[in-house]
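Readers should treat all values here as calculations from the given coordinates under stated rules, not as data from a laboratory. These numbers come from a predicted model, not from an experiment. Quick reminder, even Gly has a Cβ in these numbers, built from the backbone with ideal geometry, and neighbours come from all protein chains shown.
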């Protein structure tokens with residue numbers, strides 16, 4: 001299973017995975033407005049990988065099959081407060 005990965009030009013570290021390069025037909029228009037102009041990053045074969053850096057590869061595969069896309073959100077930043 002191939003996945004084409006695009007980075008957002010509006011939100012740092014936000015990525016969109018789709019099964020067919022440049023085919024955004026399954027991605028909701030509202031999401032694309034928030035995401036901005038998709039910038040092609042890379043294409044990977046999910047069948048030949050056991051894991052991804054920051055997200056569950058099983059979840060990515062499932063979302064690609066069920067919804068036709070997967071949105072990877074930026075990591076949550078936790079601030080420690082010293083009192």
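Remarks
- Mean ellipticity per residue at 222 nm, deg cm²/dmol - from DSSP H runs of n ≥ 4 across the chain, formula -39500 (n - 2.57): -5500 deg cm²/dmol
- Cα long-axis angle, helix 57-66 against the chain (0 to 90 degrees, to the nearest 10): 50 degrees
- Estimated distance in nm for a label pair at residue 23 and residue 37, the labels positioned 7 Å out from Cα along Cα-to-Cβ: 2.5 nm
- The chain: relative contact order in percent, alpha carbon pairs under 8 Å with at least 6 residues between: 39 percent
- Label sites at residue 53 and residue 73, each approximated as a point 7 angstrom past Cα along Cα to Cβ, lie 2.0 nm apart.
- For mean projected area of the Cα convex hull in nm², calculated from these coordinates, the label among [x] 7.0; [y] 6.7; [z] 5.3: [y]
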